[in-house]
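Colleague: Have a look at this one.
The values are calculated or read from the model by the stated rules, or taken from the named source; none is laboratory data. Because the structure is predicted, anything quoted here is derived from the model rather than measured. Note that we place each Cβ from the backbone using ideal geometry, even for glycine, and neighbour counts take in every protein chain shown.
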Amino acid sequence: MYISQNFGQIMRLHREYKRLTLEQASELCGISDKTLENIELGDSNPKLPTVIKIANGLDIHIGRIQNCIVNEK
């Protein structure tokens, strides 16, 4: 199972909607701003614990994240 690039797009939209900078969002999520940036750009495939930190920090509903989890075939 992996997280699709859609998660980075959803995350960025949530961050921008809340008018947060990468630095502010990373502080809320408890991860580095570089990691957050890489996920937003689709350059990084975050592990589930990181996804949970981001979802909690940015208050992203779990239903939005479920759509981003893809089973490898």
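Colleague: Pro46 passes all but one of (1) of a type outside the set (A, V, I, L, M); (2) in contact with a strand residue (DSSP E or B) (Cβ under 6 Å, 6 or more places away or on another chain); (3) more than 14 Å from Ile65 (Cα to Cα); which number fails?
Modeller: Condition not satisfied by Pro46: (3).
Results for (1) touching a Pro at 6+ places or on another chain (Cβ under 6 Å); (2) basic (Lys, Arg); (3) modelled with pLDDT under 90, shown as yes or no for each residue.
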position	(1), (2), (3)
Ser4	no, no, yes
Phe7	no, no, yes
Leu28	no, no, no
Lys34	no, yes, no
His61	no, no, yes
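Colleague: Something else now. Of everything in segment 1-47 that's charged (D, E, K, R) and assigned to a loop (DSSP other than H, G, I, E, B), which residue is nearest to His61 (Cα to Cα)?
Modeller: The initial filter retains those residues of segment 1-47 that are charged (D, E, K, R), namely 12, 15-16, 18-19, 23, 27, 33-34, 37, 40, 43, 47.
Still in the list and also assigned to a loop (DSSP other than H, G, I, E, B): 18-19, 43, 47.
Working: Lys18: 14, Arg19: 18, Asp43: 23, Lys47: 17 Å.
It comes out as Lys18.
Colleague: Can I ask one more? Could you tell me how many of the residues in segment 24-53 are surrounded by fewer than 13 Cβ atoms within 10 Å (Cβ to Cβ) and at positive phi?
Modeller: Residues flagged as surrounded by fewer than 13 Cβ atoms within 10 Å (Cβ to Cβ) and at positive phi within segment 24-53 amount to 1.
Colleague: Quick one: count up the residues across segment 48-66 that are charged (D, E, K, R) and without any contact (Cβ under 8 Å) to a residue 40 or more places away in the chain.
Modeller: Here is the first cut: in segment 48-66, the ones charged (D, E, K, R) are 53, 59, 64.
Okay, now just the ones that are also without any contact (Cβ under 8 Å) to a residue 40 or more places away in the chain, so 53.
Here the count works out to 1.
Colleague: Okay, next question. Can you tell me which residues in segment 10-23 are within 15 Å of Cys68 (Cα to Cα) and surrounded by fewer than 15 Cβ atoms within 10 Å (Cβ to Cβ)?
Modeller: Applying the first criterion (within 15 Å of Cys68 (Cα to Cα)) to segment 10-23 yields 10-14.
The one that is within 15 Å of Cys68 (Cα to Cα) and surrounded by fewer than 15 Cβ atoms within 10 Å (Cβ to Cβ): Leu13.
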